[in-house]
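The values are calculated or read from the model by the stated rules, or taken from the named source; none is laboratory data. All of these numbers come straight from a predicted model, not from anything done at the bench. Here Cβ is always computed from backbone atoms with ideal geometry, including for glycine, and neighbour counts include all displayed protein chains. Areas reflect the complete protein model, heavy atoms only, side chains present, ligands, DNA and RNA absent. Shrake-Rupley method; radii C 1.70, N 1.55, O 1.52, S 1.80 Å.
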Amino acid sequence: SIVPFVHYIYERLIVKRLQGSRVLEEIISKGYTGSKSAFYRHIGQLHDQSQRTFQPYETTPGEQMQFDWSEYTVTIDGLLTKVYVFGCILGFSRYRIYQASLSQSLGSVLEAMENSLIEIGGVTERIQTDNAKCFVRNASKENFQWNPNYLAFCGHYKIQPTRSLPAHPWSKGKVEKTFNFLEQHFIRERVFASFEDFLSKLKVFQAEVNNRIHATTKQTPLSLFQIE
């Protein structure tokens with residue numbers, strides 16, 4: 001079913017203006033098993049709805065973090081290499097954590113989540129994700145079910161899992177925007193000597209972003225992170 005991916009498709013296709021073929025590849029990597037025709041029928045309907053506007057959802061300090069990942073093809077040691085960048089953003093401060101892996105397995109996703117919590121130095125009350133199979137086993141409203149491995153992870157850290165409902169792109173828009181910014185200001189037209197070089201420079205970029213004045217809060221994420 002395409003239902004678990006509709007908000008992601010909206011963000012990538014309408015907001016970020018990526019090509020449909022790329023968005024299709026991305027949702028397949030996130031667990032989409034439907035047909036290409038169903039995908040293209042869906043995106044054909046989106047352009048008529050693209051004038052809708054959404055308000056950002058604000059949270060209090062320590063209330064929510066948003067987590068997602070995006071796939072990129074980068075040049076590493078002279079070779080085009082597929083990498084997965086995991087992004088975590090704190091809802092109040094907009095403080096960002098970037099992790100990366102050459103795999104998008106459930107183990108890699110949970111490891112990136114855990115490393116983000118370690119780097120933050122604690123947990124928020126809630127963690128917001130999409131409906132990828134590593135998080136959600138059944139995304140329907142009638143028979144909704146979390147992936148038990150992910151649910152166990154959240155139980156271990158005593159953090160409440162929440163998901164973005166299909167067709168609700170604003171509920172996870174903060175973390176979605178970080179990937180567009182990352183692509184424009186870090187990924188594009190860069191080459192890396194090794195995957196370790198990629199990771200090192202990604203962390204330098206993370207520090208730079210967290211020290212920039214945010215357009216919405218008018219403060220740096222780092223300064224608000226001290227409060228959060």
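Go through region 119-150 and report how many residues are open to solvent by 50 Å² or more (accessible area, probe 1.4 Å), within 18 Å of the chain's Cα centre (by Cα) and hydrophobic (A, V, I, L, M, F, W, C).
Residues in region 119-150 being open to solvent by 50 Å² or more (accessible area, probe 1.4 Å), within 18 Å of the chain's Cα centre (by Cα) and hydrophobic (A, V, I, L, M, F, W, C): 1 in total.
I'm checking my understanding of the structure. Among residues of region 176-206 that are open to solvent by 50 Å² or more (accessible area, probe 1.4 Å) and of a type in the set (A, V, I, L, M, F, W, C), which one is nearest to T73 (Cα to Cα)?
V191
Among the numbered criteria (1) at pLDDT below 95; (2) touching a Pro at 6+ places or on another chain (Cβ under 7 Å); (3) surrounded by 16 or more Cβ atoms within 10 Å (Cβ to Cβ), which single criterion is violated by N210?
Single failed check for N210: (1).
Residue check, L24 against (1) within 24 Å of T73 (Cα to Cα); (2) open to solvent by 80 Å² or more (accessible area, probe 1.4 Å); (3) modelled with pLDDT of 85 or more, all met but one. Which one?
(2)
Given the conditions (1) open to solvent by 10 Å² or more (accessible area, probe 1.4 Å); (2) β-branched (V, I, T); (3) closer than 20 Å to Q184 by Cβ, report the number of the one that I89 does not fulfil.
Single failed check for I89: (1).
Being among the hydrophobic types (A, V, I, L, M, F, W, C), open to solvent by less than 20 Å² (accessible area, probe 1.4 Å) and either at pLDDT below 95 or not in a loop (DSSP other than H, G, I, E, B) (or both) is the filter here; which residues of region 151-175 pass it?
Hits for region 151-175 are C154, V175.
If you take the residues of region 56-76 that are charged (D, E, K, R) and part of a loop (DSSP other than H, G, I, E, B), which of them is most open to solvent (accessible area, probe 1.4 Å)?
Residue satisfying both the conditions and the ranking: E58.
Say we look at region 92-117 and pick out the residues that are in a strand (DSSP E or B) and open to solvent by less than 10 Å² (accessible area, probe 1.4 Å); which of these is nearest to R188 (Cα to Cα)?
Here the residue is Y98.
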